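Nothing in this text is a laboratory measurement; each read-out follows from the coordinates by a stated rule. A quick note: this is a predicted structure, and the numbers were derived from the prediction, not measured. For neighbour counting, all protein chains shown are included, and Cβ atoms are generated from backbone atoms with ideal geometry for every residue, glycine included.
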Amino acid sequence: MKLWGGRFLKEESNAMNDFNSSFEIDKRFYKEDIKGSLVHAKMLNKQNIITNIEYKLIEDGLEIIKNKIDLGELKLDGDYEDIHSFIEINLINEIGQIGKKIHTARSRNDQVALDFNLKIKNDSIDIINLIKDFIEILVKKADDNPYMMPAYTHLQRAQITTFKYYLKAYVNMFKRDIKRIKNTIDLMDESPLGSGALAGTTHNIDMEFTSKELGFQKPTANFLDAVSNRDFVIEMLNNFSIIMMHLSRLSEEIIIFSSQEFKFVQIDDAYCTGSSIMPHKKNPDSMELVRGKCGRVYGNLMALLTVMKGLPLAYNKDMQEDKEIYFDSLDTIKSCLYISKEVIKTLKFNKEEAKKGIKKGFLNATEVADYLVAKGIAFRDAHEIVGKIIILCEKENKAIEEININELKDINNLIEEDIYEYIDYENILNKGNKKEML
Ligand code: ARG
């Protein structure tokens with residue numbers, strides 16, 4: 001069932017019909033499509049393009065269709081080209097010939113741009129809520145675990161931090177992700193409805209009215225741009241990619257920290273799987289899958305950038321590919337945010353193991369240099385002196401605090417007994433701006 005055909009002498013081939021149809025994918029726009037149609041019809045009536053009676057019929061027909069779909073009475077399947085055709089054909093079935101007037105002063109080109117814009121706005125609310133839920137869990141887990149752990153650069157033990165502070169680094173990232181989504185929504189807040197196929201319409205329509213009714217800041221300033229613009233989809237896919245990058249980094253760390261080599265954290269059994277051959281295995285598949293799915297979300301961003309790169313203005317059918325790409329990323333990111341949240345919620349931090357990690361690795365070496373600076377030595381010289389202390393420690397297989405005062409004094413005689421208090425691991429976190437980590 002199609003909305004066109006008058007100028008064709010031959011039927012479309014079945015293969016082409018299937019190849020061309022986007023209905024299986026864009027049926028997810030049905031609410032947005034009906035909302036856009038309702039506002040469009042209201043505007044047509046206000047502008048005396050359709051009569052009050054016609055408008056009432058169309059309005060009721062669209063409401064009935066929406067209810068039937070919501071209730072499952074009208075199934076979103078069948079041989080339709082896309083969701084726009086489905087709604088229009090069912091409207092005509094519902095109210096008769098008047099239904100054919102809904103497409104006055106409108107094209108599927110401005111219609112699909114509108115539906116997609118509205119859908120992304122709606123989806124962004126879900127995504128922001130999922131991120132907020134995740135942040136809440138991260139903050140709770142952080143506050144419950146103000147315990148020390150080693151922090152790394154180059155994956156080499158570097159300085160002391162706390163598990164609390166470590167998790168809050170991710171909180172910061174996810175808060176930025178929310179802001180990034182809001183920026184995108186702000187940028188895309190222009191209604192394309194009324195652009196027609198690409199060059200507006202000869203009808204006396206009111207774009208300000210439809211824009212306002214649909215909750216946009218303003219109507220588009222350029223029809224050609226409005227119907228060929230998919231920047232907002234690309235931006236959202238970029239936002240999704242950055243979120244996945246953050247989730248993937250967290251996953252990688254949870255995987256490493258849960259390994260026998262670290263044992264800092266324990267992933268709950270509910271989020272691990274076993275091996276079919278090695279009976280002892282408990283694998284962190286949840287986190288590995290999140291890390292793996294990051295690739296698909298990056299790939300989707302590249303896919304749409306590539307679809308768009310050579311397109312002449314205005315609409316081209318290439319752009320129909322946008323929705324499958326977008327929905328794949330949307331579904332992926334939703335499941336990844338949910339699973340990651342559950343993993344963190346049930347994660348156990350082994351403070352004893354993390355403490356062991358602190359004792360080895362000279363995590364207080366930088367503070368020894370700070371100590372020397374406090375005694376009046378220039379930092380660069382202090383750095384050199386601590387280097388000598390580390391050589392001694394390695395020779396004697398000891399931590400810095402295990403070297404006795406006389407040996408330390410032999411390296412630099414400004415070192416006094418108070419060094420042990422200064423470089424004590426607990427005390428370090430109470431100095432300077434490190435207190436924030438507690
Ligand atoms: N299904 C189409 C899409 O998603 C709707 C727009 C069709 N426009 C056209 N000129 N054939 O892009």
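The orientation-averaged projected area of the convex hull spanned by the Cα atoms of the range 111-240 comes to 10.1 nm². The spacing between the range 369-398 and the range 192-206, judged by their C-alpha centroids, is 74 Å. For residue 282 and residue 355, the FRET efficiency from 1/(1 + (r/R0)^6), where r spans their Cβ atoms and R0 equals 22 Å, is about 0.40.
What is the order of 336, 393, fewest Cβ neighbours within 10 Å to most?
Working: 336 26, 393 18.
Result, fewest neighbours first: 393, 336.
Model label points for residue 158 and residue 346, set 7 angstrom from Cα along the Cα-to-Cβ axis, are 3.2 nm apart. Over 21 Å, how big is the tail of the calculated P(r) for the range 80-188, in percent of all Cα pairs? Summing the P(r) of the range 80-188 above 21 Å gives 61 percent of all pairs.
Please compute the alpha carbon radius of gyration of the range 154-197, then divide it by the globular-protein estimate 2.2 N^0.38 Å. Two decimals is fine.
Values: Rg = 19.9 Å, N = 44, 2.2 N^0.38 = 9.3 Å.
With N residues counted in the range 154-197, Rg over 2.2 N^0.38 Å equals 2.15.
Model label points for residue 327 and residue 104, set 7 angstrom from Cα along the Cα-to-Cβ axis, are 3.3 nm apart. In order along the range 48-65, the Karplus-derived 3J(HN,Hα) couplings, from 6.51 cos²θ - 1.76 cosθ + 1.60 at θ = phi - 60°, round to 6, 8, 10, 7, 4, 5, 4, 4, 4, 4, 5, 4, 4, x, 5, 5, 4, 4 Hz, and Gly and Pro are given as x. Of the Cα atoms belonging to the chain, the radius of gyration and Dmax stand at 30.8, 101 Å.
Taking label points 7 Å from Cα along the Cα-to-Cβ direction, residue 311 and residue 245 give a separation of 2.4 nm. Normalising by residue count, the range 254-407 has a Cα convex hull of 247 Å³ per residue. Here the sum of -39500 (n - 2.57) over DSSP H runs of 4 or more residues, divided by the residues of the chain, equals -19500 deg cm²/dmol at 222 nm, to the nearest 500.
Remark: the residue 18-residue 420 segment gains 137.1 nm on full extension, using 0.36 nm per residue and subtracting the alpha carbon distance.
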